[in-house]
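The values are calculated or read from the model by the stated rules, or taken from the named source; none is laboratory data. Computed from a prediction, not measured in an experiment: that's the story for all the values here. Each accessible area value is taken on the protein alone, full model and side chains, heavy atoms only, with ligands, DNA and RNA left out. Shrake-Rupley method; radii C 1.70, N 1.55, O 1.52, S 1.80 Å.
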Amino acid sequence: MDKLRVVFMGTPVFAVPILEGLIKNYQVVGVVSQPDKKIGRKQVLTPTPIKEVSALYNIPIFQPVNIR
(Lines give C-alpha, C1' and ligand atoms only; values in the text may rest on other atoms or scores of the structure.)
Protein backbone atom coordinates (compact mmCIF):
# COMPACT_ATOMS: atom_id res chain seq x y z
CA MET A 1 0.00 0.00 0.00
CA ASP A 2 1.28 3.48 -0.86
CA LYS A 3 2.09 5.92 1.90
CA LEU A 4 -0.43 8.65 2.60
CA ARG A 5 0.62 12.02 1.12
CA VAL A 6 0.66 14.82 3.71
CA VAL A 7 1.11 18.60 3.72
CA PHE A 8 2.36 19.86 7.08
CA MET A 9 1.59 23.31 8.50
CA GLY A 10 3.66 24.59 11.43
CA THR A 11 6.43 26.92 12.51
CA PRO A 12 7.61 26.68 16.16
CA VAL A 13 10.38 24.47 17.49
CA PHE A 14 7.93 22.14 19.29
CA ALA A 15 6.48 21.17 15.89
CA VAL A 16 9.82 19.72 14.71
CA PRO A 17 9.37 16.26 16.34
CA ILE A 18 5.88 16.07 14.86
CA LEU A 19 7.18 16.80 11.37
CA GLU A 20 9.99 14.26 11.77
CA GLY A 21 7.46 11.62 12.87
CA LEU A 22 5.33 12.36 9.83
CA ILE A 23 8.37 12.11 7.56
CA LYS A 24 9.15 8.64 8.94
CA ASN A 25 5.61 7.31 8.54
CA TYR A 26 4.08 9.24 5.64
CA GLN A 27 5.06 10.92 2.39
CA VAL A 28 5.32 14.62 3.27
CA VAL A 29 4.93 16.45 -0.06
CA GLY A 30 5.07 20.02 1.25
CA VAL A 31 5.39 22.25 4.28
CA VAL A 32 3.70 25.58 5.03
CA SER A 33 5.43 27.81 7.58
CA GLN A 34 5.68 31.47 8.54
CA PRO A 35 8.22 33.62 6.67
CA ASP A 36 11.77 33.90 7.99
CA LYS A 37 12.18 36.61 10.65
CA LYS A 38 14.94 39.00 11.60
CA ILE A 39 16.39 38.01 14.99
CA GLY A 40 18.69 39.76 17.44
CA ARG A 41 20.34 43.12 17.61
CA LYS A 42 21.91 42.80 14.16
CA GLN A 43 18.56 41.73 12.68
CA VAL A 44 19.91 38.59 10.99
CA LEU A 45 17.30 36.89 8.79
CA THR A 46 16.80 33.49 10.46
CA PRO A 47 14.86 30.52 9.01
CA THR A 48 12.15 28.86 11.07
CA PRO A 49 12.96 25.52 12.74
CA ILE A 50 10.50 23.77 10.42
CA LYS A 51 12.20 25.24 7.35
CA GLU A 52 15.55 23.87 8.52
CA VAL A 53 14.12 20.35 8.90
CA SER A 54 12.37 20.60 5.54
CA ALA A 55 15.65 21.54 3.88
CA LEU A 56 17.35 18.46 5.39
CA TYR A 57 14.75 16.19 3.77
CA ASN A 58 14.42 18.20 0.52
CA ILE A 59 10.73 18.89 1.13
CA PRO A 60 9.29 21.93 -0.70
CA ILE A 61 8.36 24.76 1.67
CA PHE A 62 5.82 27.54 1.16
CA GLN A 63 6.10 30.64 3.34
CA PRO A 64 3.15 32.94 2.65
CA VAL A 65 3.15 36.42 4.20
CA ASN A 66 -0.58 36.08 4.86
CA ILE A 67 -2.31 32.67 5.19
CA ARG A 68 -5.50 34.01 3.63
What residues have an amide H closer than 5 Å to that of Met9, excluding those fewer than 5 places away on the same chain, when H is modeled at 1.01 Å from N in the peptide plane?
Val32
Applied in sequence order to region 63-68, the curve 6.51 cos²θ - 1.76 cosθ + 1.60 (Karplus, θ = phi - 60°) yields integer Hz couplings, x standing for Gly and Pro, of 10, x, 5, 10, 5, 6
The lysines whose Cα lies under 29 Å from the Cα of Lys3, excluding any fewer than 8 residues away in the same chain, are Lys24, Lys51
Specify the angular offset, from 0 to 90 degrees and rounded to the nearest 10, of the alpha carbon long axis of helix 16-25 from the longest principal axis of the alpha carbons in the chain.
20
The long-range amide H neighbours of Thr46, using H built 1.01 Å from N in the peptide plane and a cut-off of under 5 Å, are Lys37, Lys38, Ile39
Add -39500 (n - 2.57) for each DSSP H run of 4 or more in the chain, then divide by its residues: what number comes out at 222 nm, to the nearest 500 deg cm²/dmol?
-7500 deg cm²/dmol
If you compute Cα Rg over 2.2 N^0.38 Å for the structure shown, which of [x] 1.03; [y] 1.19; [z] 1.30 do you land on?
[y]
For Phe14 the rounded accessible area (nearest 10 Å², probe 1.4 Å, non-protein molecules ignored) is 150
